[in-house]
Structures are given as C-alpha cells and as structure tokens.
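The values are calculated or read from the model by the stated rules, or taken from the named source; none is laboratory data. Note that the structure is a prediction, hence the values are computed from the model and not measured. Please note: Cβ atoms are built from the backbone with ideal geometry, for glycine as well, and neighbour counts cover all protein chains shown.
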Amino acid sequence: MVPGISTLGIKVGYSATANGTTLPSAVTQLDRINAVGGINLETEQIDASALEDYISKYIAGRADTGGSFPITVNVTDATIAEWQAVFTASAENDGVWIEIWSPYLTKAFWVFAQTPTAFPMPEIAQNELATVEIPMTIVEYHGLGTGVEPSPSSTPTA
C-alpha cells in the first residue's frame, strides 16, 4: 500500500466542451497554478421525525459542495491571457471542465464550473509573489473520472 502521494507534478487543466455531461478527451493545461481549493461534500440532513417521535430522526439528503472553489494562479502577462481565454470559453459554453490530474493516480478529479467575467485583482504586499484567486462556481461536481493528462497551452509561460 502506498502511504500517500505528493502534490509534485499535479497539473490543472480545462476543456471548453459545449456541455457539462460528457468528460472531455482533451484538456489544456493551466500554467503557474499555486493551489486549488478543495470541495467538501457536506450531506444535508432531512428531518424525518413524526409526532410520535420523542427524539428527532433524520435521513441523508443531497450533498452540498459549498458552491465554489478557488484556483490560485501566479500573475503574469501570459497567465492573464490564458485565463481570459478560459473566461471567454466559460461564457460561450455556460462553463468549462476543470480537471485536477495527478501522475500518481489512475483517475482525475473533474468539475464543470463557471468562471468570473473578469480577471480579479491580486492582493499586493511587499516581498511576496503576486497571485490571484480565481473563484470557480461549481455547476456540477463530477468527482473522479478517467484522467487525461493536460497538454501544454499555446500561451508561453515566460
């Protein structure tokens, strides 16, 4: 048994397919990603109590994703151009597929999400890396699915 995996080598990618139901077969890598927020599945509780119950009874309801997750990216001219293309694709297709791919897993994490309409402004402080959080609105959390290694984008990262 493997005791765990590293985040080294993980790639984040997107695909601008016209629907959020079929996982894409090609994914474009998003460059200079520093972090991806997690998605917790909090199961809602439905009160199933009746008048004769002295103690409340519950059944499991639907899972709630929290509605969004952030992707933190280094701010460069290249990443701004790259994300503006993602914003355009999201607007044209009512969202984009986001894939979190790991060389250590046979499956990848998939989310169909919508982007903001503009590039957010980073917080600026002295002697720090300029990064920005891109808030992704979850349309559909697919979860684990067949992994597709993201291909490098045509936008240079330098």
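Tabulated results
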{"quantity": "Region 52-65 residues that are closer than 18 Å to Gly143 by Cβ, paired with ones that are part of a loop (DSSP other than H, G, I, E, B) and β-branched (Val, Ile, Thr) (beta carbon under 8 Å, 6 or more apart)", "calculated": "Thr65/Ile39"}
{"quantity": "Among the residues listed as Ile10, Ile5, the single one being at pLDDT 95 or above, surrounded by 10 or more Cβ atoms within 10 Å (Cβ to Cβ) and either hydrophobic (A, V, I, L, M, F, W, C) or at negative phi (or both)", "calculated": "Ile10"}
{"quantity": "Answer from Glu92, Glu99 - the residue that is surrounded by 13 or more Cβ atoms within 10 Å (Cβ to Cβ) and among the acidic types (Asp, Glu)", "calculated": "Glu99"}
{"quantity": "Wholly enclosed strands (runs of 3 or more DSSP E) of region 1-84 bearing at least 2 residues within 30 Å of Ile124 (Cα to Cα), under 18 Å from the mean Cα position of the chain (by Cα) and of a type outside the set (A, V, I, L, M)", "calculated": "11-15, 28-30, 68-74"}
{"quantity": "Every residue from region 117-158 that is charged (D, E, K, R), part of a strand (DSSP E or B) and modelled with pLDDT of 95 or more", "calculated": "Glu133"}
